[in-house]
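Peer 1: Structure provided below as structure tokens; questions to follow.
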């Protein structure tokens, strides 16, 4: 009886060891499954984007060049001043802006125009050729201001007849403007006369060709 009991105890111990061995095996299998699952997740994970580079559609730092129609002109005169326009409806002077008044000579045709832009915005407030018909007159009661009529100022887009007045910081600046204005006016007069003569000659030539064509018809 006692011998049988000893065998039973040994069997129980063996079963206990078997259970322990089974638990360890189960743990190893679980760990392996977890590792495999982690490897699968790493394989399915999206690639890191450290080396991915996209070119921007627009380069904001690039300089955008804008034309002002002054690229083909030579600057003959530049002076800071304030410009006014006479409003006929209300019979009063209205300020058009403060900035640099410039005389620009075209490099091809040689004609000179007056251009003035407002400070900061650079919006054009005067733009016309200095034609022979213009008369620069002193503004009443001032030795630093001039008045003149422009038959075709295009600062607003369409040609417009305007009366303008310009005021400088002192009389020296005003006189320097007058000298440059008159010089440009004299040069333009010769150019306009030459252009008119060439246009008249071309018109006469065209009329003569038409008459000859009618005679031979």
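Every read-out reported here was derived from the displayed coordinates using simple, explicitly stated rules and does not represent laboratory data. Just so it is clear, the structure is predicted and the values come from calculations on it, not from any experiment. Backbone-built Cβ (ideal geometry, glycine too); neighbour counts: all protein chains shown.
Peer 1: How do the peptides 115-128, 189-202 rank, highest first, by the average count of neighbouring beta carbon atoms within 10 Å per residue?
Peer 2: The most tightly packed comes first, giving 115-128, 189-202.
Peer 1: Something else about it: Starting with the highest mean, order 208-217, 82-91 by the number of other Cβ atoms within 10 Å, averaged over the residues of each peptide. Could you put the intermediate results ahead of the total?
Peer 2: Values: 208-217: 8.5, 82-91: 13.4.
Going by the mean number of other Cβ atoms within 10 Å, highest first, we get 82-91, 208-217.
Peer 1: Then there's this: Go ahead and run the numbers for FRET between residue 193 and residue 106, Cβ-Cβ distance against an R0 of 22 Å, rounding to 0.05.
Peer 2: Values: r = 17 Å, r/R0 = 0.76.
In this case the efficiency is close to 0.85.
Peer 1: I've got another one for you. Answer rounded, prolate or oblate for region 87-133, using the Cα gyration tensor with square roots of eigenvalues a ≥ b ≥ c: rounded when a/c is under 1.5, else prolate when a/b is larger than b/c, else oblate. Can you show the working numbers first?
Peer 2: Numbers: a/c = 3.73, a/b = 1.48, b/c = 2.52.
Cα axes put region 87-133 in the oblate bin.
Peer 1: How long are the three semi-axes of the equivalent ellipsoid of region 150-194, in whole Å, if each is the root of 5 times an eigenvalue of the C-alpha gyration tensor, listed from largest down? Present the calculation step by step, with values, prior to reporting the outcome.
Peer 2: Values: eigenvalues 98, 71, 8 Å².
That gives 22, 19, 6 Å for the three semi-axes.
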